[in-house]
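> Before I ask anything, here is the structure I am working with.
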Amino acid sequence: MSEGAAKKEQKPRKFQAIRGTRDLLPPETALWSHVEQTAHEVFATFGFGEIRLPIFEPTELFARSIGLDTDIVAKEMFSFEDYEPSSVLEYRSAIITWQEPRDVQGPPGPLGTGALAKFQPFSALLSSFYLAGREAFEKRLIPRTPENGSLLNELVGERDIFLSSIQSRNDRENRADVDRLKERVRRLQLGDELTLRPEATASVCRAYIEHGMQQLPQPVKLYYMGPMFRRERPQKGRYRQFYQIGAEVLGGSDAPAIDAEVIEMVMTFFDRLELQGVQLDINSIGHSADNCRRGYVEKLKAALDKVKDKLGPDSQRRIETNPLRVLDSKLESEQAIIATLPHIADHLCEDCAAHYSAVKHQLEMRGVIYRENWRLVRGLDYYMRTTFEITAQGLGSQNAVCGGGRYDGLVELLGGPPTKGIGFAIGEDRLILSLQESGKAPPQQGRDVYIAWMGERAHATAIRAAKVLRKAGFSVELPPVEQKFGKALGQADKLGAKYALILGDNEVSEGLWTLKTLADGSQEKYTEADLLEYLRKSL
Ligand code: AMP
């Protein structure tokens, strides 16, 4: 290797954020804070309290609530096994990474390979793994699932067969058996299956149940904000780590006014942010009974079967897995066909139809402008009756900034009391993108005052001045080392400071501080008290 190549080789790896994740940097983060602050303020005026949830939960919580036939659960969850370090884990690693020893000198087997000496150590590891696993299972240090129980039982028999057959097999056969047994060992579940939350509604319901919130005055109104994780194909407005701001109303009532007020709250929030091109679509997808959605889905499926050949592969698959999702299709070639499919509104049961008209009436009473969209079905299993989606401008094909709906029954499905629920989730990344596209700049983050100081005594005064000004709420930059005044003023300019406070020997001995207005270069001397007074008035 040449010297140059060797040097290149040594260069430390440069790390980059994982695909689908990104860093949010200043000044953009000021816009994020502004959006979040506005959410806190608006949601509080509607009586919502903030809930902060864990980032990971048991996989089963999401599988059970979101539904197995959804894209999220089927292919997009970031899941991992969470286990305590234990001897089972050590033996498992030893087995999985086990390699056949080379050049063993042992008594040759019937096939002349020294097979016993080679493969017996593997069998010994299996025995230790089995014993450690059995003990951990009894003491509940690993999940006591039926799968784990039978796997351990079977493993002991398989170990016996392996050991007794080593000498009657050739190396290739023994190796194949080792690989098979490694795979079996891998299948022992050592800990709980956890998942980074792909959304937060299930977690809110889990928390509602866990903390007995049905005892609180109903309905319970909660909101959250934070990162969510889905293994999606990244593109503009679609990330693997993205941020949602959402709210849920849980309690005994499904009064249509609750649906309308939740929607009114999101619209008020968007209005306060001056989000442009906001369009609210609503629909009702009824409830799961035969005389309502289930009946409709059967009719829809029958209609889809008739036109199956004209649909693309995604829609064809969805006819089997989740026919409602075909209505979500954005494929140009499918639009004319979808237009001919039966509408759910014509199949709602009486109660669901009445609920839907009441929601619309309640929206009108609140002056909320909506568009009915019969194709709006939402992807997740737990939705029923009211569903809604809000789009905004400047987002291309990923233009949905908010999705929501009613999910009566979800709390019960998760082991809680019968509870009604409705909520929404706003995609914060897209909300910010849309605000930026319409020219919304982050709030100004320039410094108010840059302190240009020279000399030891002035440094002490500068530190005190910074403390006083910051306490009064001004943003202050205090350079850590002495700079010539010219350089300091240049630096102040670069940082967008409005004023430079100049502290040199003269200022310190006179007790008068020089304040330079950077926009016009004018300067004025002030006592400490007058300076504060002046800045308070002018900033
Ligand atoms: P959902 O939880 O799927 O109903 O999504 C609610 C909202 O979250 C959507 O309308 C989007 O604004 C946003 N969202 C969902 N998935 C992503 C993603 N992968 N990247 C960015 N935003 C997303």
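> When only residues in the range 355-373 that are touching a Leu at 6+ places or on another chain (Cβ under 9 Å) and surrounded by fewer than 21 Cβ atoms within 10 Å (Cβ to Cβ) count, which is farthest from LYS440 (Cα to Cα)? Break it down into steps so the answer makes sense when it comes.
The initial filter retains those residues of the range 355-373 that are touching a Leu at 6+ places or on another chain (Cβ under 9 Å), namely 355-356, 363, 368-371.
With surrounded by fewer than 21 Cβ atoms within 10 Å (Cβ to Cβ) added as a condition, the list becomes 368-371.
Details: VAL368: 24, ILE369: 24, TYR370: 25, ARG371: 26 Å.
Taking the candidates together, the pick is ARG371.
> Also, I was wondering about something else. Consider only pairs whose beta carbons are under 8 Å apart and that are at least six residues apart or on different chains; among these, list those whose first residue lies in the range 475-497 and is surrounded by 14 or more Cβ atoms within 10 Å (Cβ to Cβ) and whose second residue is basic (Lys, Arg) and not in a loop (DSSP other than H, G, I, E, B).
Between residues of the range 475-497 that are surrounded by 14 or more Cβ atoms within 10 Å (Cβ to Cβ) and residues that are basic (Lys, Arg) and not in a loop (DSSP other than H, G, I, E, B), the close pairs are VAL476/ARG470; LEU489/LYS516.
> Let me ask something else. Being in contact (Cβ under 8 Å) with a residue 24 or more places away in the chain and out of contact with any Lys or Arg (no Cβ under 7 Å at 6 or more places or on another chain) narrows it down to one residue among ALA260, ALA289, ALA255, ALA302; which is it?
ALA289
> Is it the case that the range 435-456 has a residue that's within 24 Å of the chain's Cα centre (by Cα), within 15 Å of the ligand (Cβ to nearest atom) and open to solvent by 30 Å² or more (accessible area, probe 1.4 Å)?
Yes, the range 435-456 contains at least one residue that is within 24 Å of the chain's Cα centre (by Cα), within 15 Å of the ligand (Cβ to nearest atom) and open to solvent by 30 Å² or more (accessible area, probe 1.4 Å).
> Residues in the range 235-252 that are at pLDDT 95 or above and away from the ligand (no atom under 14 Å from the Cβ): how many?
3
> Related question: Would you point out which residue out of LEU413, LEU376, LEU395 is open to solvent by 20 Å² or more (accessible area, probe 1.4 Å), modelled with pLDDT under 95 and either on the phi < 0 side of the Ramachandran plot or more than 14 Å from the ligand (Cβ to nearest atom) (or both)?
None of the others qualify; the one that does is LEU413.
> A follow-up question, please. For VAL401, state whether it is within 12 Å of the ligand (Cβ to nearest atom), at pLDDT 95 or above, more than 27 Å from VAL297 (Cβ to Cβ) and outside any helix (DSSP H, G or I).
Criteria met by VAL401.
> Right, another one. Looking at the range 518-539 only, could you name the residues that are open to solvent by less than 40 Å² (accessible area, probe 1.4 Å), within 20 Å of THR461 (Cα to Cα) and not in a helix (DSSP H, G or I)?
Listed by number, the list holds a single entry, TYR526.
> Okay, moving on. For the range 181-211, name all the residues that are in a strand (DSSP E or B) and away from the ligand (no atom under 16 Å from the Cβ).
If we filter the range 181-211 for residues that are in a strand (DSSP E or B), which is where we start, we get 192-196.
Correct list: ASP192, GLU193, LEU194.
The values are calculated or read from the model by the stated rules, or taken from the named source; none is laboratory data. Here the structure is a predicted model, which means the values were calculated and not measured. Cβ atoms come from the backbone with ideal geometry, glycine included; neighbour counts cover every protein chain shown. In case anyone asks, the SASA skips ligands and DNA or RNA and just uses the protein heavy atoms, side chains included. Shrake-Rupley method; radii C 1.70, N 1.55, O 1.52, S 1.80 Å.
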